[in-house]
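Working notes, beginning with the structure itself.
The values are calculated or read from the model by the stated rules, or taken from the named source; none is laboratory data. Quantities reported herein were computed from a predicted structural model and do not represent experimental measurements. Note that each Cβ is placed from the backbone with ideal geometry, even for glycine, and that neighbours are counted across all protein chains shown.
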């Protein structure tokens, strides 16, 4: 203070800089994670889908898998995972599943349900690595674990 006056720094009143920084941090935290936007999972993945050995899961077989992930038609922010298993020298299509990204869990997930089962497939992408699992709903029992690497990025 000088002669009863408060000196204000060139950048604004005391505390204003801190407030601006806090607002910017809050906005950055609320923004979608670029690393997990739909392009992060797009492309072709190859790896393994390994069964969790348990009496309730006795019919499960380990598989070598290929996933092709593309934007879901008419569903902004979602992708379609086209799953195939490698049998001999060929691909055996297993099905398609739409996935949505959950910013809280940092995972891509999609549910499959029929008259006998309700399961949730869930995946995390870090660079060119994909890990995931399938769990029974509502018990949460893990039935499979997936580990794959990106073999081909998404085309233009």
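Reported count of residues in segment 44-81, each being assigned to a strand (DSSP E or B) and either surrounded by 16 or more Cβ atoms within 10 Å (Cβ to Cβ) or in contact (Cβ under 8 Å) with a residue 40 or more places away in the chain (or both), is 19. Test residue 145 against the criterion of being modelled with pLDDT of 95 or more, within 17 Å of residue 61 (Cβ to Cβ) and under 13 Å from the mean Cα position of the chain (by Cα), and give yes or no. Considered against the rule, which asks whether it is modelled with pLDDT of 95 or more, within 17 Å of residue 61 (Cβ to Cβ) and under 13 Å from the mean Cα position of the chain (by Cα), residue 145 comes out as no.
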